[in-house]
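As structure tokens, the structure follows; a few thoughts come after it.
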Amino acid sequence: MQTAHLTIDPAFRVAPVRRRTFGAFVEHLGRCVYEGIYEPGHPRADDDGFRRDVLDLTRELGVTTVRYPGGNFVSGYRWEDGIGPKSRRPRRLDLAWHSTETNEVGVDEFMRWCRKAGVEPMMAVNLGTRGIAEALDLLEYCNHPSGTALSDLRVANGAKEPHDIRMWCLGNEMDGPWQTGHKTAREYGRLAAETGRAMRVLDRDLELVACGSSGSGMPTFGAWEATVLEETYDVVDYVSCHAYYEEKNGDLGSFLACSTDMEYFIRSVVATADHVGARLKSRKRIDISFDEWNIWYMSRFQAAEPPADWPVAPPLLEDHYHLADAVAFGGLLITLLRNSDRVTAASLAQLVNVIAPIMTEPGGRAWRQTTFHPFAQASRHAAGDVLRVEPVSPSYETAEYGEVPLLHAVATRSDAGVTVFAVNRSTDAPLSLEIGARALGGARITAATTLTDDDVYARNTADDPDRIGPRANPDVEHDPMRVLLPPVSWNVIHLA
Ligand code: AHR
């Protein structure tokens, strides 16, 4: 039996747990909005047409912020199409997803949904086909109290109080050639700086996010962040990171280690941002908004033909996650938490149906995918401070990342106790985890759950929605504290 150790010491504090780490993303893409959060004809729809079953699951998931309305979609979006009487809203071609957008849901509906879900909105402006003027118009519509054309229009549309949106993304993935209005780093940096500066004149207390790279493998990675931040350093608060992972060529070992890339991504962006800050002689610190992350079988999507006839809300990017996906996903969550000193916001992409923890049938059931569980557990139990745990672990060889530790872990500590989040990346063997907590004096394990299965490719479905879920871990010893982590498992261990 292989053994790994970790040490809990309140002195190893990284940062407070950032509630915004548990953000998600709702894009006008596929069935995320329509048949996802919104389906007026559904038996469980409320008066606004929102699905109550999805609202319940969103709350259970513990989502804190929701990014909207895209994604690639935002780079061709005209926000004013989605306000006012629904019968007068235009249908438009959405070039990003080759679909037809009906505009039945727009900013006012989204804000109503956010209030019902109890989440903070994070709004993106279109810097692909549009620019400063339209971003200012949207901001005025949303945040200005009243007494101007656009704020009074919001009031007339039923939203008396300003939406008061604090976090704003200046465009989306502008480094990607697939993006409508794709730009060079210098072109985008200047536009983002000019837009952000003007937006701050309208509303001083905004938190602004500049687009970073769409992945650490982008040819411009590193140089993109440096140039964009040279232009925007004094204007923005965050630079974004986006990353998606999938199991390739049956290489499960590498896949379970994909958080290695996320760690590298974060370290590189922090170094780049700090380097730009030093060159500009600035004392300001730029944080990371990891505002798209997930498991996504993108290669399958890329191999498929785009929809031919501009359908409304076609099923797109509907990945059905298995246990191994949930464990790799849990590893990514651990990495986000471990880096809470600089990753102070994040958005799981996305929330419903589209590479999502929640799935729905049109007119029918909603259920939790396997990835729902690590997210919900982390959001519920990560509290207080994030602690480094100094793991000592046996390692294994991966084709993609070289030698990687079998154990990936982090802990948080609050008045309620300590919670350890741990992944065993081994594809075939349990790992005995010993927990040293001398600094806590008399700490004991009060509960331990594990998410695992004999079949690493087992999934939840509408007919079998609880096939994969956290179960009590029976293999716990108290003195010394030891927990047996099954192969390919996500684990949550509570200490009092
Ligand atoms: O989340 C799906 C897509 O992935 C988003 O629209 C885009 O920003 C990214 O490429």
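Of all residues in segment 339-358, those satisfying the criterion of being more than 16 Å from the ligand (Cβ to nearest atom) and open to solvent by less than 10 Å² (accessible area, probe 1.4 Å) are SER340, VAL343. Confirm whether SER214 is in a strand (DSSP E or B) and either among the acidic types (Asp, Glu) or within 15 Å of the ligand (Cβ to nearest atom) (or both). No, not satisfied. Based on this model, can you work out whether ALA117 counts as more than 24 Å from the chain's Cα centre (by Cα) and either open to solvent by 10 Å² or more (accessible area, probe 1.4 Å) or over 24 Å from PRO306 (Cβ atoms) (or both)? So ALA117 fails the test. Just one of the numbered conditions (1) open to solvent by 50 Å² or more (accessible area, probe 1.4 Å); (2) touching a Lys or Arg at 6+ places or on another chain (Cβ under 7 Å); (3) among the β-branched types (Val, Ile, Thr) is not true of THR450: (1).
Need a quick list: strands (runs of 3 or more DSSP E) entirely within segment 1-105 having at least 2 residues that are touching a Leu at 6+ places or on another chain (Cβ under 8 Å). Because the criterion is at least 2 residues that are touching a Leu at 6+ places or on another chain (Cβ under 8 Å), the strands (runs of 3 or more DSSP E) in segment 1-105 that meet it are 2-7, 13-16, 23-25, 99-101. PRO474 meets each of the listed conditions (1) within 24 Å of the chain's Cα centre (by Cα); (2) open to solvent by 60 Å² or more (accessible area, probe 1.4 Å) apart from (1). When segment 430-447 is filtered for residues that are of a type in the set (Val, Ile, Thr), under 18 Å from HIS5 (Cα atoms) and open to solvent by 60 Å² or more (accessible area, probe 1.4 Å), nothing remains.
When ARG67, ARG59, ARG31 are checked against the criterion of being touching a Phe, Trp or Tyr at 6+ places or on another chain (Cβ under 7 Å) and either closer than 13 Å to LEU351 by Cα or within 16 Å of the ligand (Cβ to nearest atom) (or both), a single residue qualifies: ARG67. If we keep just the residues of segment 163-181 that are open to solvent by 40 Å² or more (accessible area, probe 1.4 Å) and away from the ligand (no atom under 12 Å from the Cβ), which is nearest to TYR238 (Cα to Cα)? Result: ARG166. Scanning segment 78-88 finds one or more residues that are away from the ligand (no atom under 16 Å from the Cβ), of a type in the set (Asp, Glu) and closer than 26 Å to ARG166 by Cα. Restricting the first member to segment 183-204 and to residues that are surrounded by 14 or more Cβ atoms within 10 Å (Cβ to Cβ), and the second to residues that are of a type in the set (S, T, N, Q), the beta-carbon pairs closer than 6 Å and six or more apart or on different chains are ALA185/THR227; GLY189/THR227; GLY189/THR232; ALA192/THR232; ALA193/THR232; ASP203/ASN143.
Would you confirm whether or not segment 186-202 contains a residue that is touching a Phe, Trp or Tyr at 6+ places or on another chain (Cβ under 7 Å) and either away from the ligand (no atom under 16 Å from the Cβ) or outside the structural domain of GLY70 (by TED's automatic domain parsing) (or both)? Looking through segment 186-202, at least one residue is touching a Phe, Trp or Tyr at 6+ places or on another chain (Cβ under 7 Å) and either away from the ligand (no atom under 16 Å from the Cβ) or outside the structural domain of GLY70 (by TED's automatic domain parsing) (or both). Being surrounded by fewer than 19 Cβ atoms within 10 Å (Cβ to Cβ), more than 24 Å from GLY212 (Cβ to Cβ), more than 16 Å from the ligand (Cβ to nearest atom) and in contact (Cβ under 8 Å) with a residue 60 or more places away in the chain is a description that applies to VAL392. Look at ARG51 and say whether it is touching a residue at least 12 places away in the same chain (Cβ under 8 Å), basic (Lys, Arg), open to solvent by 20 Å² or more (accessible area, probe 1.4 Å) and more than 16 Å from the ligand (Cβ to nearest atom). The answer is no for ARG51.
Here is the figure for segment 397-429: residues that are open to solvent by less than 60 Å² (accessible area, probe 1.4 Å), closer than 23 Å to PHE375 by Cα and outside any strand (DSSP E or B) total 3. If the condition is being in a strand (DSSP E or B) and farther than 15 Å from LEU332 by Cβ, then segment 346-366 contributes VAL352, ILE358, MET359, THR360, ALA366. In the condition set (1) away from the ligand (no atom under 16 Å from the Cβ); (2) open to solvent by less than 50 Å² (accessible area, probe 1.4 Å); (3) not β-branched (Val, Ile, Thr), PRO43 is compliant with all but (2).
Scanning segment 205-248 for residues that are over 14 Å from ILE288 (Cα atoms) and of a type in the set (D, E, K, R) returns ASP205, GLU230, GLU231, ASP234, GLU246, GLU247, LYS248. Would segment 212-233 turn up any residue that is over 18 Å from GLY71 (Cα atoms), surrounded by fewer than 23 Cβ atoms within 10 Å (Cβ to Cβ) and under 17 Å from the mean Cα position of the chain (by Cα)? Within segment 212-233, not a single residue is over 18 Å from GLY71 (Cα atoms), surrounded by fewer than 23 Cβ atoms within 10 Å (Cβ to Cβ) and under 17 Å from the mean Cα position of the chain (by Cα).
The values are calculated or read from the model by the stated rules, or taken from the named source; none is laboratory data. Since the structure is predicted, the reported quantities are computational estimates derived from the model, not experimental observations. With ideal geometry, Cβ positions are generated from the backbone for all residues, glycine too; neighbour counts draw on all protein chains shown. Heavy atoms of the whole protein, side chains included, go into the accessibility calculation; ligands, DNA and RNA do not. Shrake-Rupley method; radii C 1.70, N 1.55, O 1.52, S 1.80 Å.
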